[in-house]
1. Write down, largest first, the equivalent ellipsoid semi-axes of the stretch 89-246 in whole Å, where each equals the square root of 5 times an eigenvalue of the alpha-carbon gyration tensor.
2. How much length is gained on full extension from residue 25 to residue 167, taking 0.36 nm per residue of separation minus their Cα-Cα distance?
3. Please report the projected area of the stretch 1-158's Cα convex hull averaged over all directions, in nm².
4. Please give the net charge around residue 216, taking every other residue with its beta carbon less than 13 angstrom from that of residue 216, where Lys and Arg add +1 and Asp and Glu add -1.
5. How high is the relative contact order of the stretch 87-246, in percent, with contacts defined as C-alpha pairs under 8 Å that are six or more residues apart?
6. Put a dot 7 Å past each Cα toward the Cβ at residue 160 and residue 111; how far apart are the dots in nm?
7. Testing the spin-label approximation: label points 7 Å from Cα along Cα→Cβ at residue 11 and residue 140. State their distance in nm.
8. Label 7 Å along Cα→Cβ of residue 67; the stretch 117-141 residues with amide nitrogen under 18 Å?
Amino acid sequence: MHGLIPDKLPRHLAIIMDGNGRWAQERMLTRIIGHQKGVETVRVIVEECSRLGIGYLTLFAFSAENWLRPKTEVKALMALLKKYIASEAARMDANNIRFNVIGNRDELPPDVNKAVQGAIDRTSGNTGMILTLALSYGARQEIMTAATRIASDIASGVLKADDLSETAFASYLFTGGLPDPDFLIRTSGEMRISNFLLWQLAYTELYFSSVNWPEFTPAELYRALSDYQARERRFGRTSAQINTRS
């Protein structure tokens, strides 16, 4: 039993999956083996979040900056990503999970993009948890892209400058249509955001786990969620105001 309160779970959970390479190096294994082990953890955590009833799960899978890694590692990661998406599409469909991707998909290899689109199409009618992978994603790049699109729409008359609001701006982001994350978990003990969902994390609760991603078990997930449930989310208000409203 995990002891979690169902109606106090985050509606949207985001995870920075860090520590695959470190896990492998500690065991004198290659980094790609660490990534392979990390994929197994993804499968377990995705299914557990779906079972718990979390509505949205967003995983930082490959950043815009990750393209700077050694070419051999990037190639292996892309092959692993393609294999994961292709193999998990049926499982996601069976579990009523809808698959989604954010980021600059144009930078992904054509075969990976084909697998991504296939999984999106196959699960598009599902009504359960929305699983979003951030691929070739960078938050600053996302904000710049949104700003460029807004400027273009204002110049062409599609959008009036006076009508621009936070809600309107957010609709131009890759995450348009998704709620902001309530809770962010980062594994491996690193305490930074790493250019992930900078706009969307404005009021998100943060949790940093010392556990490397390949060892992030459902028990570690429950520990993080229990910590979240013990917090008071005030959004700039006082505790008295929150308690009065509830």
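1. Details: eigenvalues 159, 132, 54 Å².
The answer is 28, 26, 16 Å, longest axis first.
2. Values: separation 142, 0.36 × 142 = 51.12 nm, distance 4.38 nm.
Working it through step by step, the gained length comes to 46.7 nm.
3. On the way: hull surface 48.2 nm².
Averaged projected area of the stretch 1-158's Cα convex hull equals 12.0 nm².
4. Working: positive: 22, 37, 43, 186, 223; negative: 18, 40, 48, 215, 220.
Local net charge: 0.
5. Working: 152 pairs, mean separation 28.7, N = 160.
Answer for the stretch 87-246 is 18 percent.
6. Label-label distance for residue 111 and residue 160, simple model: 5.2 nm.
7. 3.1
8. Taking a point 7 Å out along Cα→Cβ of residue 67, the residues of the stretch 117-141 whose backbone N falls under 18 Å are 134-141.
Quick note: the coordinates plus some simple rules give every number you see, no bench work behind them. Here the structure is a predicted model, which is why all the values come from computation and not from measurement. Virtual Cβ from ideal backbone geometry, glycine too; neighbours counted across all protein chains shown.
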